[in-house]
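Data block below; observations after.
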Amino acid sequence: MKNKILICGVLFTALCSGLSAKSKYIDIPGGNEVTVVGRLNFSTDADKNFLFDTFEVDEDKRNYPDIYALPYIPGSAGLLTNVHKWKELIKFDKQAWGVNGGYFFVQYKLLKDRTLYFSSITLFVGGSYYLPVRLPLNFKVTVPEKEKFLYLGDFTFTAKGWAFELSASVKDNYDDAQLALNKVTKKQYDLCRASLEEITEEDLETIKKTFYYEPTGYSFADWYKKIDDMLVEEDNSEDGSEEASDSE
């Protein structure tokens, strides 16, 4: 049962530094950077209380929304050394997380070919690190020159049964995405539509050589506290009660 429910057998390594509160405004990408924009919707017909019982999730930890995280792509920051790896992970994790049904705005550094490879998104059912689900993407995007914000699409995943049999679709809701972007930048920036290409066997070999790094350890002692901080920060951003500055 456990192997069937946990599609992602190991917690995604990019999550090692946990969640961080989000500012009202996002950073503006520099010359060799891009911010990808999109939205994730996940649903399952599984009885969540049964899942929580199975994995002994505390009663007071059962009212959290599903949380997702975009993949960390170490190759987009160059071949990381052990010295810089932890710093890069912490910086990335500050913006990689989102709430199921919400938009993400995640910044990546680009190599010379300006290509990013997206293998999967990791979703945590009920915000619980005991219940990670790997949602496959399996596409790559090449970022056009001078584009700062790239719209990937609106992704919908549905899991059926205890085997979590997944179905997926992606839609173009460009206008909604542009409005969402306008709310998190002080100035208005045009959103560019991405051209999604399927990852090939050759790409997989490239990914293995260029985008591999040795996993580091992680601690979940303050997991829920950081989720709480993130949710409070998002509420504050929505009602305009918090001001934050972006870096341009």
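The values are calculated or read from the model by the stated rules, or taken from the named source; none is laboratory data. These figures come from a predicted structure and were not determined experimentally. All Cβ positions, glycine included, derive from the backbone under ideal geometry; neighbour counts span all protein chains shown. Quick note on the areas: whole protein, heavy atoms, side chains included, nothing else; ligands and nucleic acids left out. Shrake-Rupley method; radii C 1.70, N 1.55, O 1.52, S 1.80 Å.
In the stretch 10-69, the residue that is most open to solvent (accessible area, probe 1.4 Å) out of those that are modelled with pLDDT of 90 or more and polar (S, T, N, Q) is Asn63. Among the residues making up the stretch 164-187, none is loosely packed, with under 14 Cβ neighbours inside 10 Å and on the phi > 0 side of the Ramachandran plot. Filtering the stretch 134-141 for residues that are part of a loop (DSSP other than H, G, I, E, B), open to solvent by less than 60 Å² (accessible area, probe 1.4 Å), touching a Ser or Thr at 6+ places or on another chain (Cβ under 8 Å) and basic (Lys, Arg) leaves an empty set. Among the conditions (1) out of contact with any Ser or Thr (no Cβ under 7 Å at 6 or more places or on another chain); (2) surrounded by fewer than 18 Cβ atoms within 10 Å (Cβ to Cβ), the only one that Leu123 does not satisfy is (2). Looking only at the stretch 157-175, residues that are in contact (Cβ under 8 Å) with a residue 60 or more places away in the chain and farther than 14 Å from Leu137 by Cβ come to 8 in all.
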